[in-house]
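Below: the structure, in structure tokens.
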């Protein structure tokens, strides 16, 4: 059993939650590496621009764009979830 699993289990985390942590951390990291590899192959083949950002950067840009749209529109369904400044 891994040290991380022992620590999380010692903190009282049930197996179901450990599995959620696994999927959200390990599998998402693996998937990102696969997407980056796919983007690299696509660049070499000329299917996308050679200066296309890495997948993590594309995700950060999309997150930032969404956040700014939500913050700017008080009628947006997610706006009420933002902290008061």
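The values are calculated or read from the model by the stated rules, or taken from the named source; none is laboratory data. Treat the numbers as computed from the prediction; the structure is a model and nothing was measured. Virtual Cβ from ideal backbone geometry, glycine too; neighbours counted across all protein chains shown.
Please find, within region 39-57, the residue that is surrounded by the fewest Cβ atoms within 10 Å (Cβ to Cβ) out of those that are touching a helix residue (DSSP H, G or I) at 6+ places or on another chain (Cβ under 9 Å) and in a helix (DSSP H, G or I). Residue satisfying both the conditions and the ranking: 56. Report yes if residue 35 is surrounded by 12 or more Cβ atoms within 10 Å (Cβ to Cβ), assigned to a helix (DSSP H, G or I) and not assigned by TED's automatic domain parsing to the domain that holds residue 82, otherwise no. Judged against the criteria, residue 35 is a match.
Yes or no, residue by residue, for (1) under 30 Å from residue 33 (Cα atoms); (2) at pLDDT below 95:
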| residue | (1), (2) |
| --- | --- |
| 47 | yes, no |
| 67 | yes, yes |
| 77 | no, yes |
| 85 | no, yes |
